[in-house]
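A short write-up of the structure that comes next.
The values are calculated or read from the model by the stated rules, or taken from the named source; none is laboratory data. Small disclaimer: the values here were computed from a predicted structure and weren't measured. Cβ: placed from backbone, ideal geometry, glycine included. Neighbour counts: every protein chain shown. All accessible areas refer to the heavy atoms of the entire protein, side chains included, with ligands and DNA or RNA removed. Shrake-Rupley method; radii C 1.70, N 1.55, O 1.52, S 1.80 Å.
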There are 2 protein chains.
Amino acid sequence: MSIVVQKFGGTSVGSIERIQAVAEIIARTYEQGKRCVAVVSAMGKSTDQLVGMAKEIHPHPSPREMDMLLATGEQVSIALLTMALHRKGMKARSLTGWQAGITTDCVHGRAMVHDVDTETITTALDQGEIVVVAGFQGISSQREITTLGRGGSDTTAVVLAAALGADYCEIYTDVEGVYTADPRVIPAAQKMDEISYEEMLELAHLGAGVLHPRSVEAALRNKVKLVVRSSFVNESGTWIKGENEMETSHHVSGIAHDLQVARIKVLGLPNHEETLTRLFGLLAEAHINVDIIVQSEHDHERVDVAFSVNEEEGLEARQVLEAAQSELDFAKILYEGGLAKVSAVGVGMMARPGVAAKMFATLSEAGIRVKMVSTSEIKISCVVEREQALEGARRLHSAFGLDRIEVKV
Amino acid sequence: MSIVVQKFGGTSVGSIERIQAVAEIIARTYEQGKRCVAVVSAMGKSTDQLVGMAKEIHPHPSPREMDMLLATGEQVSIALLTMALHRKGMKARSLTGWQAGITTDCVHGRAMVHDVDTETITTALDQGEIVVVAGFQGISSQREITTLGRGGSDTTAVVLAAALGADYCEIYTDVEGVYTADPRVIPAAQKMDEISYEEMLELAHLGAGVLHPRSVEAALRNKVKLVVRSSFVNESGTWIKGENEMETSHHVSGIAHDLQVARIKVLGLPNHEETLTRLFGLLAEAHINVDIIVQSEHDHERVDVAFSVNEEEGLEARQVLEAAQSELDFAKILYEGGLAKVSAVGVGMMARPGVAAKMFATLSEAGIRVKMVSTSEIKISCVVEREQALEGARRLHSAFGLDRIEVKV
C-alpha cells in the first residue's frame, strides 16, 4: 500500500478548529487507501511566545536549552492532532522526533538530519495507524533534543518521505501553491501546476517563502515528489518534481522579488589572490550571507569589490569590514541601503540567451536602472532601487507571458 | 560532597520573576557547597490550559496522548529555569524525565516509577553542573512518555533523592511548612518544626494538601528526609522524618478537615462473606475511592453497609450501585451529601486511649453530632455536617493544646 507524507505548518494547526480541519484532510487521504504519516509544526505563534519568554530570562539563551524549550511546541501539536484523529474514529499515534527515529548531528538550533530509523513508524503503519510526527526536531548521538532550524518541519517531512519510500510528500500551507510571482503584489500572478526542483530552489532562495530551500534540496537529492497545497481550500496545488517528468517548460517560469537588499562597495583592495578569501572569510565568520558579488579591476595593484547582502545584516557587514581595514588594506567603504532584487527563474532559459537581453530591455523601458546583475543557469537577478522593484517585477511578469488571461463571461 | 534535591511546584515557577527567584534559591544552595538537583513542575496554570485544549478536541482523550501533551509543561519549565541559572553565571543542564533515567510502568496518566538510572545526572553533577529535572514524567519500557499523575513532581523528587543518596529533599511550595491545621480557617494554627512520616501520611490523605501521600510513602519507604518550605520567604520550614529522629511528640500533632464528603448507606444486603467483596469491587472497578466503611448486622440474613466518599464521586458511586441492585440483592440506597470530615492526627495517641474520648466530648459540647467514626493507630476521623466542621476543627485544635500563644509586646 502506498505511503503519503503530509506536512502541516504553524498556521494550518493554529487553532483547535484548524487542527480539526487538518484531521479531516488526513482522514480523507487515509480513506482513499493510503498509509498516512503527518508531520506538524508548532501551533501558530507558540514558538514566538516561547522565544519571548526565553529572551526575558537571558539575552543569549544556550542553544541546547532553546532546543529543549522549542521542541515542546511540536509535541503539543502532535498530541492534539492525534486526539482530533481519534475523535473521527481513526487509529492514530503521535511520535516526537526522537521516538520517530530522527537522529541528527549535535549542532543545536540548526541540526542536520543524519539518519532516520523508520522501524517505529512502519510498525505503526502496519497496524493501520496514522502516524503523527513532530516536525523540526530530532535527537543527537548524545541523546540530546535538537532542532533543525528554519524550515525544519518541511525538512522532516521530506527526509521521512525519502526514508519511507513514500509516493509523494504534501506540504500544506496557507497559500494554494507556488505562483509565477507574489500574488499579493502582482495580481496577474498565476498558480503553477508544476515546477522543477531547480526552479523551486531558486525561487525558495529568492524569498518566495513557500518552501525552505533546505527541504527542496533534500527532495531533489532523494527524488521525493513534493506537492505544495492549501490546508484551507481543497485545490490541487503545485507539483515539484524532476525536470524530465514535467509536461511543459516555459522560458521563464516565475518572477521573484526581495525588498531587503543593501550593497557594499569596498574600494582599493590589494590586487592579489588572497583578497577575496580574506574579505569573504571575515563575513562568513560573522555568519553574514553574501548574495551577488562583483569584482572590478582598478589597475594592476588595486581592485574594487561590491556585494549585496540582506539589508538586516548590512550595517553589521560594514562594521566587520571597517574593523579589519588595516588587515584587509583597502581605501574606502561605500554603503547603500534601500535596494531590492528582481529575478526571473526558469529552466527554459538555459538554451535561450535572449532572456537576459529581454529582461534588461524591459527594465530599461520602465526607466529602472540595474545596479548589479547575477546569473545562473536558470536565473537572472537584478539589483535595483527598492521603490522601482515592484513595478519592475510586474513588467517582467507581463513581458515573459506569465500574466493570467482574464476570461470575460 | 553532599547532594540536595529541591522540588519547585507550579506556583513557585509560575512566572518569569518566580523562575528567577527559584534560580536564586538554587544558586544559594550551590554556593553552600551542595550538589544540587532541582525538580520542577509545569508553570502555574499551563497544565490546566493544555487539558482545556485537549477537552475541546476530545471528551475522553487517549491517556497516551494526554501524557504526550502534558509532559511539555515541565519541559518548558526546566529549559527556562536552566536559562535563569546560566544568567546567574551557574553551570546548569536540563533533563526531561527520560533523559534523567526515570523509567516507569506503562500506565499512562498515573504511572509508577520502576527504576532510576542516575548515570546522566551524576555525570553532570561531577562536572559541577546544577541538574534541572522535569518532574511528573518518565519513560516506559516501550519508550513511551508517561506521567505520574497527581503529586507526580513530589514523587519524582523523592525517588531521585533516594536513588542519588541525597542528604535531604526540599519541597518548595507557596506555604511556609506543615501546620497544625489549615491556617486559612483556623488562625490559631502553628507551623510545625517537625512531623513524622506517618503523621504526614495521615495529614496528606486527609487533604492538608501540602504533599501528595504518594511522595510521603516513597520518602518513608526510602528513608528520605523531607523539608517542606516556602519558595516565597526564606524560612526554615517543616522537617518530615522518622519518629525516632524526632525531638518531641505531642498526643495530637494536627487537626485536618475535608469539606467534600458524602455518605451512602446500602440497606438490606445478604449477610454472607461475599457481600463486601462484591460491593466494593464494583466501586473499585469504577475507580471510586471509598474512605470510611461501617457495617452493621441487621439480623442473620441481612446487613446494612454505610461508607463515605469524596462528594465529587458520590452520585457516580450511587449510580454504580443502583445499576447493580439485582446482582447485589439489596433493599434500598440512602444518599447524604453536604458532609465533612474532621480528624486528629498524632503518633502520641497510640499509647493514650483518652484521645478519642476527648475528641467526642469536645464535639458534643459544641452540639456537633458525629455521623461516622474511623480510627487508625495515629488518627481519629469523624464525619459531621459540613456547616459544623470548621467550628469543630477550631475547638479540637484548641482542646488538644495546639493553639499558638499570642505573645503580647
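Between A:Glu24 and A:Ala356, what is the FRET efficiency for a Förster distance of 45 Å, r being their Cβ-Cβ separation, to the nearest 0.05?
Values: r = 47 Å, r/R0 = 1.05.
Computed FRET efficiency for A:Glu24 and A:Ala356: 0.45.
Could you tell me what a quarter of the Cα convex hull surface of the stretch A:277-409 works out to, in nm² with one decimal place?
Details: hull surface 45.0 nm².
That works out to 11.2 nm², a quarter of the Cα hull's surface.
Rounding to the nearest 20 debye, state how big the charge dipole of the stretch A:56-206 is about its Cα centre with +1 on each Lys and Arg Cβ and -1 on each Asp and Glu Cβ.
Details: 10 positive and 22 negative charges, 122 e Å.
Once rounded to the nearest 20, the dipole reads 580 debye.
Output the 0 to 90 degree angle, nearest 10, between the alpha-carbon long axis of helix A:213-222 and the longest principal axis computed from the alpha carbons of chain A.
Tilt relative to chain A: about 70 degrees.
Projecting each Cα onto the charge dipole of chain A (Lys/Arg +1, Asp/Glu -1 at the beta carbon, about the Cα centre), which of A:Val228, A:Gln32, A:Leu206 comes out farthest on the positive side?
A:Gln32
How far apart, in nanometres, would the label points at A:Glu235 and B:Glu322 be if each is projected 7 angstrom from Cα along the Cα-to-Cβ direction?
Between A:Glu235 and B:Glu322, the label points sit 5.7 nm apart.
Which FRET efficiency value, to the nearest 0.05, is calculated for B:His60 and A:His272 with the Förster distance at 60 angstrom and r the Cβ-Cβ distance? Write down the numbers at each step before the final one.
Values: r = 74 Å, r/R0 = 1.23.
The value I calculate is 0.20.
For B:His86, tell me the accessible area in Å² from a 1.4 Å probe, rounded to the nearest 10.
Roll a 1.4 Å probe over it and B:His86 shows about 50 Å².
Considering the options B:Ser374, B:Ala286, B:Leu363, tell which one lies farthest towards the positive end of the dipole of the stretch B:251-409, charges being +1 on Lys and Arg and -1 on Asp and Glu at the Cβ, about the Cα centre.
B:Leu363
Of A:Gly177, A:Gly314, A:Gly281, which is the most mobile in a GNM of chain A whose springs link Cα atoms less than 10 angstrom apart?
A:Gly281
Using a cut-off of 11 Å between beta-carbons, work out the net charge of the residues near A:Arg28 (Lys and Arg +1, Asp and Glu -1, A:Arg28 not included).
Working: positive: A:Lys34, A:Lys88; negative: A:Glu24, A:Glu31.
The answer is 0.
How many percent of DSSP beta bridges within chain B run antiparallel, rounded to 5? Walk me through the numbers before you get to the answer.
Numbers: 47 of 76 bridges.
Counting only bridges with both partners in chain B, antiparallel ones make up about 60 percent.
What does the charge count near A:Tyr172 come to, summing +1 for each Lys or Arg and -1 for each Asp or Glu among other residues with Cβ under 13 Å from its Cβ?
On the way: positive: A:Lys7, A:Arg18, A:Arg28, A:Arg229; negative: A:Glu24, A:Asp154, A:Glu170, A:Asp174, A:Glu176, A:Glu235.
So the environment of A:Tyr172 carries a net charge of -2.
Please work out the FRET efficiency for the pair A:Arg221 and A:Thr123, using the Cβ-Cβ distance as r and a Förster radius of 30 Å; give the result to the nearest 0.05. Display every interim value, and only then the final one.
Working: r = 27 Å, r/R0 = 0.89.
With a Förster radius of 30 Å, E is 0.65.
Measure off, as a whole percent, the carbon and sulfur share of the 1.4 Å-probe accessible area of chain B, all protein chains present. Could you put the intermediate results ahead of the total?
Details: 8490 of 17780 Å².
Roughly 48 percent, rounded to a whole number.
Would you work out the relative contact order for chain B, in percent, from Cα pairs under 8 angstrom that are 6 or more residues apart? Can you show the working numbers first?
Values: 884 pairs, mean separation 55.1, N = 409.
Averaging sequence separation for qualifying contacts and normalising by length gives 13 percent for chain B.
Could you give me the radius of gyration and the Dmax of the protein assembly as shown, taking only the C-alpha atoms into account and expressing both in angstrom?
Answer for the protein assembly as shown, Rg first and Dmax second: 34.4, 121 Å.
Taking a ≥ b ≥ c as the square roots of the eigenvalues of the Cα gyration tensor of chain B, is the shape rounded (a/c under 1.5), prolate (a/b larger than b/c) or oblate? Write down the numbers at each step before the final one.
Working: a/c = 2.21, a/b = 1.41, b/c = 1.57.
It comes out oblate by the Cα gyration axes.
Using +1 on the beta carbon of Lys and Arg, -1 on that of Asp and Glu, and nothing else charged, what's the dipole of the stretch B:313-409 about the Cα centre, debye to 20? Present the calculation step by step, with values, prior to reporting the outcome.
Details: 13 positive and 13 negative charges, 119 e Å.
That gives a dipole near 580 debye.
Any chance you could give the angle, 0 to 90 degrees and rounded to 10, that helix B:311-323 forms with the longest Cα principal axis of chain B?
Computed tilt is about 50 degrees.
Excluding B:Ile121 itself, calculate the net charge of residues whose Cβ lies under 12 Å from the Cβ of B:Ile121, where each Lys or Arg counts +1 and each Asp or Glu counts -1.
Numbers: positive: B:Arg35, B:Arg93; negative: B:Asp117, B:Glu119, B:Asp126, B:Glu129.
Its environment carries a net charge of -2.
What does the helix-only formula give at 222 nm for the protein assembly as shown: each DSSP H stretch with n ≥ 4 adding -39500 (n - 2.57), the total divided by the residues, and the result rounded to the nearest 500 deg cm²/dmol? Please list the in-between numbers first.
Details: 24 runs with 296 residues, N = 818.
Theoretical 222 nm ellipticity from helices: -11500 deg cm²/dmol.
Quick check: from the Cα gyration tensor, does the stretch A:165-236 come out rounded (a/c under 1.5), prolate or oblate? Intermediate values should be presented prior to the final figure.
Details: a/c = 2.09, a/b = 1.32, b/c = 1.59.
Oblate.
Would you tell me the accessible area of A:Arg386, worked out with a 1.4 angstrom probe on the heavy atoms of the protein chains, in Å² to the nearest 10?
Accessible surface of A:Arg386 is approximately 80 Å².
Of A:Gly338, A:Ser398, A:Gln295, whose Cα points farthest to the positive end of the dipole of the stretch A:255-399 (charges on the beta-carbon: +1 Lys, Arg; -1 Asp, Glu; origin at the Cα centre)?
Of A:Gly338, A:Ser398, A:Gln295, it is A:Ser398.
Given a 1.4 Å probe and no ligands, DNA or RNA in the count, how much accessible surface is buried by B and A, both sides, to the nearest 100 Å²? Numbers along the way, then the final one.
On the way: alone 19580 and 19610 Å², together 35600 Å².
Counting protein atoms only, the buried area is about 3600 Å².
Please list B:180-190, B:2-12 highest first by mean number of surrounding beta-carbon atoms within 10 Å per residue.
Working: B:180-190: 17.9, B:2-12: 23.2.
Top to bottom by mean Cβ count within 10 Å: B:2-12, B:180-190.
Cα gyration tensor of the stretch B:56-163, axes a ≥ b ≥ c as square roots of the eigenvalues: rounded (a/c below 1.5), prolate (a/b > b/c) or oblate? Kindly include the intermediate steps, with their values, before the conclusion.
Values: a/c = 2.53, a/b = 1.53, b/c = 1.65.
Judged from the Cα gyration tensor, the stretch B:56-163 comes out oblate (a/c at least 1.5, b/c at or above a/b).
Compute the angle between helix A:274-285 and the longest alpha-carbon principal axis of chain A, please, reported from 0 to 90 degrees and rounded to the nearest 10.
40 degrees
In square angstrom, what is the accessible area per residue of the stretch A:255-399 with a 1.4 angstrom probe? Mind showing how you got there, number by number?
On the way: 7160 Å² over 145 residues.
Per-residue accessible area for the stretch A:255-399 comes out at 49 Å².
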